[in-house]
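A.B. asks: Sharing a structure, written as structure tokens. Questions coming.
The values are calculated or read from the model by the stated rules, or taken from the named source; none is laboratory data. Just so it is clear, the model here is predicted, and its values are computed rather than measured. Quick reminder, even Gly has a Cβ in these numbers, built from the backbone with ideal geometry, and neighbours come from all protein chains shown. Surface accessibility is based on the protein's heavy atoms, side chains included, excluding ligands, DNA and RNA. Shrake-Rupley method; radii C 1.70, N 1.55, O 1.52, S 1.80 Å.
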Amino acid sequence: MLQEDPERTHVPGDAGRITALYEATNQPLVQPQGRVAQAAKGAVVALAEDEGYDVVVALTLMQSGENVIYAGPPVADSELPQALEEALNFAESMGFILDTSSWANLDETHKQELIERIPAFRPPAPILTPTQERPKAVDPMAAVARLFAAFCVLLMLNCSGISAEQRSQAAEIHQQLGDNLLREGDAQQAMKEYLESIDLEENPEARLGLGLIYAWSLSRPQDGEREFKRALEMRPDYAEAMTNLGALYISRGKFAEAVPLLDKAARDPLYKARVLAQSDLGWALYKSGQPEKGVGEIKGALAVAPKYCLGWRQLGTIYSEQGKLDDAGTAYARYAEACPDVADAHLLFGKVLARQSKAHEARAEFERCAVPRDDKEKPVASECARFLKELGTP
């Protein structure tokens, strides 16, 4: 059983000892014992020891920067698969969606890039205690000089101007502010930050952010497509831009155009969210006339992220459209299990159960979605209520 090891502050970043590595593609809210609830990054790592293997679940708390390491006793070679499965289940129980790195197939350069990217491999920075200094006499001229210098920095182009490095740093700051605002749902302010960033120095991250706003917040798909393409012109291997452009093509029915973009993103071993790309790739393949390949890709994504709701929905829809009701029911049941608060999951599962003449089970699913919790759920709730009425009183 995994338990927190307070003696460990990080995972050793020795590529030669690592035998398996899974990285979380999301940052759920967690609350380890004795700490405030906060978002966290996660990883599952297997390390070779002198006697067996050490399998750990490593969290990096985003607010405090602390690494929290959960570990169990060392395991033998024959016990490693079971220990890894238990660690993955432990991490998934906290809300993490984990993606395998295919560690054994990576070259040394990619292995080192992963180690450098995942914060759990970094020891905590030392806490510095400030020394007490004797107060210095205030020099009025020095204070004026500091105020003048600060004024010059704010104006940026006044006084001695701004260097290329300062311009690049300022562009990055505006881009990151845009990302934060977009995550908080403030698309208008995020757009202003992205445009400020591009004015200082054009960069693919800001172009991607603008594309997200145009495509999904402002319903301007052509502008979104332009921004995603510009991001890819600047960085041809930008997997996140490929995934979003592919998703945009899917939303517009351009399935064949989405396939090569999503396929390339899904094969990028360093792309943390490649599960999303692989699942959408499967859907695009299905809709473009390649159902077997499509189902295979979606199943591959779900094998890595078994709680990925959209993947189960896509799989259930394919089987339902093919008339494979047993398989559709299984997929929709997993959708409802992974996302019990999503009304659509219970509607779709209930409809398949009704088609299978399982009225009692169908009624139970429709009852779970017949009352809307907010305005967005009203259309689904209305349909659930209609099916309940058609089924009649038990």
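A.B. asks: Taking Ala142, is it open to solvent by less than 30 Å² (accessible area, probe 1.4 Å) and either modelled with pLDDT of 90 or more or not in a loop (DSSP other than H, G, I, E, B) (or both)? Can you show your working first?
C.D. replies: Numbers: open to solvent by less than 30 Å² (accessible area, probe 1.4 Å): no; either modelled with pLDDT of 90 or more or not in a loop (DSSP other than H, G, I, E, B) (or both): yes.
Here the answer is no, as Ala142 does not meet what is asked.
A.B. asks: Still on this structure: Quick one: in the range 267-321, which of the residues that are acidic (Asp, Glu) and over 17 Å from Ser102 (Cβ atoms) is surrounded by the fewest Cβ atoms within 10 Å (Cβ to Cβ)? Spell out the reasoning first.
C.D. replies: To start, the set of residues in the range 267-321 that are acidic (Asp, Glu) comprises 268, 280, 292, 297, 321.
Next cut, over 17 Å from Ser102 (Cβ atoms) only: 280, 292, 321.
On the way: Asp280: 28, Glu292: 9, Glu321: 11.
If we take residues in the range 267-321 being acidic (Asp, Glu) and over 17 Å from Ser102 (Cβ atoms), then Glu292 is surrounded by the fewest Cβ atoms within 10 Å (Cβ to Cβ).
A.B. asks: Do we have any residue at all in the range 357-372 that's touching a Ser or Thr at 6+ places or on another chain (Cβ under 7 Å), surrounded by 14 or more Cβ atoms within 10 Å (Cβ to Cβ) and either on the phi > 0 side of the Ramachandran plot or touching a residue at least 24 places away in the same chain (Cβ under 8 Å) (or both)? Walk me through it before giving the result.
C.D. replies: Pass one, the range 357-372, residues touching a Ser or Thr at 6+ places or on another chain (Cβ under 7 Å): none.
No, there is no match, as no residue in the range 357-372 is touching a Ser or Thr at 6+ places or on another chain (Cβ under 7 Å), surrounded by 14 or more Cβ atoms within 10 Å (Cβ to Cβ) and either on the phi > 0 side of the Ramachandran plot or touching a residue at least 24 places away in the same chain (Cβ under 8 Å) (or both).
A.B. asks: Condition test on Ala385, is it part of a helix (DSSP H, G or I), open to solvent by 30 Å² or more (accessible area, probe 1.4 Å) and under 30 Å from Val44 (Cβ atoms)?
C.D. replies: Values: part of a helix (DSSP H, G or I): yes; open to solvent by 30 Å² or more (accessible area, probe 1.4 Å): yes; under 30 Å from Val44 (Cβ atoms): no.
The answer is no for Ala385.
A.B. asks: A follow-up question, please. From the set of residues in the range 252-278 that are assigned to a loop (DSSP other than H, G, I, E, B) and not small (Gly, Ala, Ser), which is nearest to Gly42 (Cα to Cα)? Spell out the reasoning first.
C.D. replies: As a first pass, look at the range 252-278 and keep what is assigned to a loop (DSSP other than H, G, I, E, B): 252-254, 267-273.
The next check asks that each one be not small (Gly, Ala, Ser); those that pass are 252, 254, 267-272.
Working: Arg252: 35, Lys254: 35, Arg267: 21, Asp268: 20, Pro269: 17, Leu270: 15, Tyr271: 15, Lys272: 12 Å.
The residue in question is Lys272.
A.B. asks: Same structure, new question: If you scan the range 250-303, which residues turn out to be over 26 Å from Gln222 (Cβ atoms) and among the basic types (Lys, Arg)?
C.D. replies: Selection gives Arg267, Lys272, Arg274, Lys293, Lys299.
A.B. asks: Under the condition of being at pLDDT 95 or above and open to solvent by 40 Å² or more (accessible area, probe 1.4 Å), which residue from the range 213-236 is farthest from Gly289 (Cα to Cα)?
C.D. replies: Among them, the one singled out is Met234.
A.B. asks: Say we look at the range 1-36 and pick out the residues that are of a type in the set (A, V, I, L, M) and over 24 Å from the mean Cα position of the chain (by Cα); which of these is modelled with the highest pLDDT?
C.D. replies: Among those that are of a type in the set (A, V, I, L, M) and over 24 Å from the mean Cα position of the chain (by Cα), it is Ala15.
A.B. asks: Applying the selection to the range 53-81, what residues are crowded, with 17+ Cβ neighbours inside 10 Å, under 12 Å from Thr19 (Cβ atoms) and not β-branched (Val, Ile, Thr)?
C.D. replies: Tyr53, Asp54, Leu80
A.B. asks: Could you say which residue among Leu315, Leu232, Leu248 is touching a Leu at 6+ places or on another chain (Cβ under 8 Å) and under 30 Å from Ile198 (Cα atoms)? Working first, answer last.
C.D. replies: Details: Leu315 fails: under 30 Å from Ile198 (Cα atoms); Leu248 fails: touching a Leu at 6+ places or on another chain (Cβ under 8 Å).
The conditions single out Leu232.
A.B. asks: Quick one: which residue in Leu84, Leu106 is farther than 18 Å from Asp14 by Cα and surrounded by 16 or more Cβ atoms within 10 Å (Cβ to Cβ)? Don't jump to the end; show me each part of the working.
C.D. replies: Working: Leu106 fails: farther than 18 Å from Asp14 by Cα.
The match here is Leu84.
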